[in-house]
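The values are calculated or read from the model by the stated rules, or taken from the named source; none is laboratory data. Please read these numbers as outputs of a predicted model, since none were measured by experiment. Virtual Cβ from ideal backbone geometry, glycine too; neighbours counted across all protein chains shown. Surface areas here come from the heavy atoms of the whole protein model, side chains and all, with no ligands, DNA or RNA. Shrake-Rupley method; radii C 1.70, N 1.55, O 1.52, S 1.80 Å.
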Amino acid sequence: MNIKSLLLGSAAALAAVSGAHAADAIVAAEPEPLEYVRICDAYGAGYFFIPGTETCLKIGGKVRTEGKWYDAYSPDTHFGTLWHTRAELQLQTATDTEYGPLKTNTELRWDWNDGGATATNLLHASISLGGFTVGKEDSQFNVFTGYAGDVINDDVIADGPYELNQITYNYDAGNGFTAVISVEDSNSGKGATGANGEDSTNHYIPDVVAGAGYKAGAWSFKVVGGYDSIVEEGAIKARVDADFGVFDAFLMGGWNTDGKKLNKYAPGDSIGQSWGDWAVWGGVGVPVNEKLKWNLQLAYTDNKTFSATTNVKWKPVKNLLIEPEVTYTNWDSINKDQWAGILRFERSF
């Protein structure tokens, strides 16, 4: 074999091998485009778009642990220390529609007490659109006026019901005038009773709440009424709030349509006796600085039940609350009183 033939043969062999390798070459697939989470600031801080949708989601909640000494709600409860821990998870969604934002609010609560006692509760679950809200929220008898002070034991003298099903319409004129009307679950059904033991079996008429309010500058005034269709009685509350900058204050009064009876909207004091004809609440809050605030709430009824609560809210860092509170309650009708205290730690997110 001459040199020319050898070179040609070697070249042909190399070409064949090279072609075989080219046929086996792996072509890398192009990466899928990434969809990053987009901020949704149209509904406030914390919302983001759920990927692939136009729905905005906000995730929040809190973890709370607190020690309690005695019980502000019961003169006969004298436990030394009760430790209570709670976790809450809140999911809120919002989507823009031709009728305004379509929103949902879902809140779950888990509780654990000394001795291993646990509880799980669907605290809130509601749908809102165009001023209407349907589902489970606190009664508008409380929500519309505002709760009775910036203290933990604000309802030793109860000012109305909390979690219940409802169909509510809120109106905001944009000039300081607001109004609300709500049809609320009367808790009727087999085995259910009214506030005074009334039989609610086959009861089909819901409870009704209606209110109106006006805010101008540092002052606001609201009035709300609730009708308990099982008891066939109700209550009216009126409230004035003022913010003076260096402190804020409120005064609220309630009237029971039948002072001898309890009803859902005049639920009485913590031992189950009625307000009598009326009840009154008042309070003041003094922000010492951005991290510290002092609060005081006082409440009294026609049946001479008195409650006084004071606390300090300290936020050493953002979203961390440390709150010591002391309550004194006097039940004149049974000639008993009680001191109680709470030390709360709460981290919200």
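How high is the relative contact order of the range 128-244? Use alpha-carbon pairs under 8 Å, at least six apart in sequence, and give a whole percent.
21 percent
What FRET efficiency, computed as 1/(1 + (r/R0)^6) with R0 = 51 Å and r the Cβ-Cβ distance, is obtained for V280 and Y36, rounded to the nearest 0.05?
After rounding, the FRET efficiency stands at 0.40.
Read phi for every residue in the range 82-99 and hand back ³J(HN,Hα) as whole Hz from Karplus 6.51 cos²θ - 1.76 cosθ + 1.60, θ = phi - 60°, with x for Gly and Pro.
Running phi through 6.51 cos²θ - 1.76 cosθ + 1.60 with θ = phi - 60° gives 10, 9, 10, 10, 9, 10, 10, 10, 10, 10, 10, 10, 8, 9, 6, 9, 5, 9 Hz.
With r defined as the distance between the Cβ atoms of T193 and L122 and R0 fixed at 30 Å, what FRET efficiency is calculated, to the nearest 0.05?
0.85
What part of the accessible area of the range 71-200, given as a whole %, is carbon or sulfur when the probe is 1.4 angstrom?
The nonpolar share, carbon plus sulfur, comes to 57 percent.
With θ set to phi - 60° and the Karplus curve 6.51 cos²θ - 1.76 cosθ + 1.60, what are the ³J(HN,Hα) couplings of the range 307-318 in order, to the nearest whole Hz, using x for Gly and Pro?
Going residue by residue, I get 9, 10, 10, 9, 8, 10, 9, 10, 10, x, 9, 4 Hz, with x marking Gly and Pro.
Using the Karplus curve 6.51 cos²θ - 1.76 cosθ + 1.60 with θ = phi - 60°, work out ³J(HN,Hα) for each residue of the range 249-262 in order, rounded to whole Hz, and write x for Gly and Pro.
So the Karplus estimates, Gly and Pro as x, are 8, 9, 9, 9, x, x, 10, 9, 5, 9, x, 8, 10, 8 Hz.
Quantify, in whole percent, the carbon and sulfur part of the accessible surface of the range 235-349 (1.4 Å probe; protein heavy atoms only).
63 percent
How much FRET efficiency would the formula 1/(1 + (r/R0)^6) give for I167 and Y214, where r is the Cβ-Cβ distance and R0 is 25 Å, rounded to 0.05?
About 0.55, to the nearest 0.05.
Along the Cα→Cβ direction, 7 angstrom out, place labels at Y43 and K336. What is the inter-label distance in nm?
Each label point is offset 7 Å from its Cα along the Cβ direction, giving 4.7 nm.
When a/c is below 1.5 the answer is rounded, else prolate if a/b is larger than b/c, else oblate, so apply that to the chain with a ≥ b ≥ c taken from the square roots of the Cα gyration tensor eigenvalues.
The shape class here is prolate.
Taking loop as defined by DSSP and a crowding limit of 16 other beta carbons within 10 Å, which GluC sites (Glu not before Pro) in the range 75-124 fit?
In loop regions of the range 75-124 (DSSP not H, G, I, E or B), the sparsely surrounded GluC sites (Glu not before Pro) are E98.
For helix 3-23, what angle does its Cα long axis make with the longest principal axis of the chain, in degrees from 0 to 90 and rounded to 10?
Around 20 degrees separate the two axes.
May I ask you to derive the relative contact order of the range 101-194, considering only C-alpha pairs under 8 Å and at least 6 residues apart, and to give it as an integer percent?
Reported relative contact order: 21 percent.
Tell me the per residue accessible area of the chain using a 1.4 Å probe; a whole number in Å² is fine.
With all protein chains present, the chain gives 56 Å² per residue.
Restricting to Cα pairs below 8 Å that are 6+ residues apart, what does the relative contact order work out to for the range 292-339? Please round to a whole percent.
It rounds to 32 percent for the range 292-339.
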